[in-house]
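**Student:** Quick one: structure below, then a few questions.
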Amino acid sequence: MLKGNEQLTKPQASSRHGQTNGAETKTMVEKKGFKRAEAATYLGVTAVSIDRLTKRGLLHPSRALRHPIYSRDDLDRFLRETS
């Protein structure tokens, strides 16, 4: 608890080049695998359509995990072949 006029202050960023104030820099990592709903969003279709495309053999998910994972390469291949 703060007493009286005490205030919380943020650490000041260093004015020297190459030094940071300790904050972590977040980097974007390219996603290579998508769950069913994410794959549907990526292709611009519904999740049921993803199921139908898989059943017809047009998409090939990895079933190594609990849920089927659709690779970005497979989704991009499908878009190239059908556009």
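**Student:** Which far-off residues, 5 or more places away or on another chain, put their amide H under 5 Å from the one on Leu59, with H placed in the peptide plane?
**Tutor:** Long-range HN contacts for Leu59: Thr54.
**Student:** Sticking with this structure for a sec: Using a basic spin-label model with each label point 7 Å from the Cα along Cα→Cβ, how many nm lie between Thr46 and Ser83?
**Tutor:** 2.4 nm
Every number here is computed from the coordinates shown, using simple stated rules; none is lab data. These numbers were taken from a predicted model, which means no experiment stands behind them. Virtual Cβ from ideal backbone geometry, glycine too; neighbours counted across all protein chains shown.
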